[in-house]
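So the structure is just underneath, and the comments pick up after that.
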Amino acid sequence: MIEENKRINPFFEPYNTPHDTAPFDRIRLEDFEEAFMEGIRRDDEQVEQLVNNPEKPTFDNTIISVDDEKDNYYDLLSRTSAVFFNLLSAETNDEMDALAQKMSPILTKHANDIRLNEQLFERIKYVRRHHRRLTPEEKMLLDNCYDGFVRSGALLDADGKARLRQLTEEASMLSLQFSQNLLKEQKAFTLHITDEAQLDGLPESAREAAALAAKEREQEGWVFTLDGPSYSPFMTYSTQRELRRQMYMAYNTKCIHDNAENNLDICKRLVNLRREIAQLLGYKTYADYVLKHRMAGNVRSVYKLLNDLIDAYKPTALKERDELKKLTNDKLEPWDVGYYSHKLQMKKYHIDAEMLRPYFQLDKVIGGVFGLATKLYGITFKENREIPVYHPDVKAYEVFDRDGTFLAVFYADFYPRKGKQGGAWMTEYQGQWMEREDVHKPYSPDNSKNVRPHVSVVMNLTKPTDDKPALLTLSEVETFLHEFGHSLHGMFANTRFESLSGTNVWWDFVELPSQFMENFAVEKEFLRTFAFHYETGEPLPEELIDRIVKSRNFMCATACLRQVSFGLLDMAYYTKKDEFTDDIIPFEKKAWQKAILGKQRMDTCMTVQFSHIMAGGYAAGYYSYKWAEVLDADAFSVFKREGIFNPATAQRFRDCILSKGGTENPMTLYKRFKGGEPTIDALLKRNGIKRAKR
């Protein structure tokens, strides 16, 4: 007898949710593996049909099929992967981690099977030589498709392809293991305080959050963790130097302990795997391989940027360091820097994060950020509680364009929790593309439907307590603006092909929209739209706004060198031409020495927790943050000149950059907006740095 009402895997059928959003409320853990394997089977079937197509290869029957325009056979594997791997970062557990370990080599093998399929590559090569007249976007897709196969080993001989499979599968597994180890170490440490005297110096907000953390763990007293909203205030305000030392050492020794979560050997192996992959593909180093598809173009340009920044900022950074030293009679240790920086900021500007926190209620900040987007671009946000979410903390919004048409779904996930990685990021559950409405007719604007994106920002902001709403710091407001800038890049996407839409751009360009938005955080006109005291409703006082503006460059040179040091470390690993055999810790200290101000400790390590370059896709690309900072300062100078809320300027930024994705060279897009190439001058001016004379 056939079982009635047998449950169907939700990935196998239309979601039947608002805007076809992921049905988180119906998805079970066991659905993922089944959907992954069926998705692989469907992909294999589609590739088999493609390579056996008796028709002559064309752009339409080959390149679009490889890119998967989603005309005939929706991409089950992509939509399953989007949900699974986003949840793996935002809401994981031991069972999901285990499934990720199981599926990672299977998925990597499948990707290799496609990219190393010789018959498929022959069709792509034929189209590259014999194609019809293409639009610029179609030409970009063809170039990316061909180059993607080449960079994945399509030109290698049989032995080379076999070796590449081994290397990529191992690298995939180790990247996953790196992230899982780091999350476990991040969540394993707590500082449990039962003596109230040890809370000396901590503001009320930090005490309340720590009391809530203890209550959630069914413990007495106060619990501090390594999550940003807990760690940062403790290091800034606590007068207990020994406890600051304990917190600092716990944070900076993650994944170097003698336990199963040690990442030292994993990092060394990842560096060597990537070097060997690059050299197998004909490049001297992994950095050379990566930078071929970056605005910087080559290693020399990256080092020029980093060294120029050191030359420009280090004299000021040394002065900043000397100012801190004058505040203490003791040796300035790393766990003292945040504490004395706060004291110096109070002395110079009489301002700190806690003074501002009552004016930055999260609900009001959300309204301010959304209102900024409305003022600039005319878009509006409406919460829709019918859209399923994966955790009660998550809010889902519908986004509407200026003319009232639906633009995107926007998810916001604000608070830290056990199964969530640290930091903040933007991601997508669905990209944007143009879908043919009648699959039997060729693509045209009249025969297309604009499939709109589902974007998400995931953060670790200050949580509400039992008697107070979530009250943010200015830094957290900037984080929100940063990730929201990425989300605008995704929401405004308006391209034909999903692989070229939204944030699918070169990685030293992708940070422009995000860092651009941070500029508004210290603009008076923006602060006046949402910064009201959460109890009295009084607006943020004018004198406090003035102090915010005056203090915007406080310790900025030190912060710049910190970012540069990370860029130097990244490049040191990925410009290696020979096997990396050094011990990680001394190598790290030497690699970034030029940008370091104080004496280094040999019992801490950044590399083993540097997710960006070990597991996050920024290997040989961390310089991108500073590269994009030059762009964002230059771009915002246009807004400052023409009016920061000027709708015509904003529309030009949207049309030239935010909506174009990766359809053209990034410098072409930027020059179309600006009218010329960017220079470092706007950044130096913004930071109050004088260009060094040569």
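The values are calculated or read from the model by the stated rules, or taken from the named source; none is laboratory data. It should be emphasised that the depicted structure is a prediction, and the values quoted were computed from it without experimental measurement. No Cβ is skipped: glycine too gets one built from the backbone with ideal geometry, and neighbour counts run over all protein chains shown. In case anyone asks, the SASA skips ligands and DNA or RNA and just uses the protein heavy atoms, side chains included. Shrake-Rupley method; radii C 1.70, N 1.55, O 1.52, S 1.80 Å.
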Exercise. Is one or more of the residues making up region 215-226 within 26 Å of T462 (Cβ to Cβ), surrounded by 16 or more Cβ atoms within 10 Å (Cβ to Cβ) and among the polar types (S, T, N, Q)?
Worked result: yes
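Just to check your reading of the model, which residue among E30, E34, E4 is surrounded by fewer than 14 Cβ atoms within 10 Å (Cβ to Cβ), farther than 27 Å from A408 by Cβ and modelled with pLDDT of 95 or more? Reasoning before the result, please.
Numbers: E34 fails: surrounded by fewer than 14 Cβ atoms within 10 Å (Cβ to Cβ); E4 fails: modelled with pLDDT of 95 or more.
Within the list E30, E34, E4, the selection yields E30.
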With criteria (1) among the aliphatic types (A, V, I, L, M); (2) at pLDDT 95 or above; (3) assigned to a helix (DSSP H, G or I), A682 comes up short on (2)
The residue that is farthest from A559 (Cα to Cα), considering only those in region 283-320 that are touching a residue at least 24 places away in the same chain (Cβ under 8 Å) and among the small types (G, A, S), is A287
Of those in region 569-582 that are part of a helix (DSSP H, G or I) and open to solvent by less than 10 Å² (accessible area, probe 1.4 Å), the residue farthest from I277 (Cα to Cα) is L569
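Does region 270-289 hold any residues that are out of contact with any helix residue (DSSP H, G or I) (no Cβ under 7 Å at 6 or more places or on another chain) and on the phi < 0 side of the Ramachandran plot, and which are they?
We begin by selecting, within region 270-289, every residue out of contact with any helix residue (DSSP H, G or I) (no Cβ under 7 Å at 6 or more places or on another chain); these are 272, 279, 282, 284.
Passing the criteria: N272, Q279, K284.
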Listed by first then second residue, the pairs whose first member lies in region 552-577 and is small (G, A, S), whose partner is open to solvent by less than 10 Å² (accessible area, probe 1.4 Å) and part of a loop (DSSP other than H, G, I, E, B), with beta carbons under 8 Å and at least 6 positions apart or on separate chains, are G567/Y623
Across region 51-78, the tally of residues that are in a helix (DSSP H, G or I), acidic (D, E) and either at pLDDT 95 or above or touching a Lys or Arg at 6+ places or on another chain (Cβ under 6 Å) (or both) stands at 0
Of (1) open to solvent by less than 10 Å² (accessible area, probe 1.4 Å); (2) at positive phi; (3) not charged (D, E, K, R), G368 satisfies every one except (2)
Scanning region 606-629 residue by residue, the ones that are open to solvent by 30 Å² or more (accessible area, probe 1.4 Å) and either closer than 29 Å to K184 by Cβ or in a loop (DSSP other than H, G, I, E, B) (or both) total 7
Counting only residues that are over 18 Å from L116 (Cβ atoms) and β-branched (V, I, T), region 35-62 contains a total of 1
Exactly one of A82, A111 is farther than 20 Å from A171 by Cβ, part of a helix (DSSP H, G or I) and open to solvent by less than 60 Å² (accessible area, probe 1.4 Å), and that residue is A82
Worksheet entry | Selection status of G422, under 30 Å from A353 (Cα atoms), touching a Gly at 6+ places or on another chain (Cβ under 9 Å) and small (G, A, S) | yes
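I'd like to check something: does region 486-501 contain any residue that is touching a residue at least 40 places away in the same chain (Cβ under 8 Å), in contact with a Cys (Cβ under 9 Å, 6 or more places away or on another chain) and not in a strand (DSSP E or B)? Walk me through how you get there before you give the answer.
If we filter region 486-501 for residues that are touching a residue at least 40 places away in the same chain (Cβ under 8 Å), which is where we start, we get 486-501.
Now drop any that are not in contact with a Cys (Cβ under 9 Å, 6 or more places away or on another chain), which leaves 499.
Filter once more, keeping what is not in a strand (DSSP E or B): 499.
Yes, region 486-501 has at least one match.
Being at pLDDT 95 or above, touching a Phe, Trp or Tyr at 6+ places or on another chain (Cβ under 6 Å) and part of a helix (DSSP H, G or I) narrows it down to one residue among F587, F566; which is it?
Numbers: F587 fails: touching a Phe, Trp or Tyr at 6+ places or on another chain (Cβ under 6 Å).
Matching residue, one of F587, F566: F566.
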All conditions in (1) touching a residue at least 60 places away in the same chain (Cβ under 8 Å); (2) farther than 20 Å from L362 by Cα; (3) assigned to a loop (DSSP other than H, G, I, E, B); (4) open to solvent by 30 Å² or more (accessible area, probe 1.4 Å) are true of D403 except (1)
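Would you point out which residue out of D603, D655, D632 is acidic (D, E) and part of a loop (DSSP other than H, G, I, E, B)? Before you say what the answer is, go through the steps one by one.
On the way: D655 fails: part of a loop (DSSP other than H, G, I, E, B); D632 fails: part of a loop (DSSP other than H, G, I, E, B).
When all the criteria are applied, what remains is D603.
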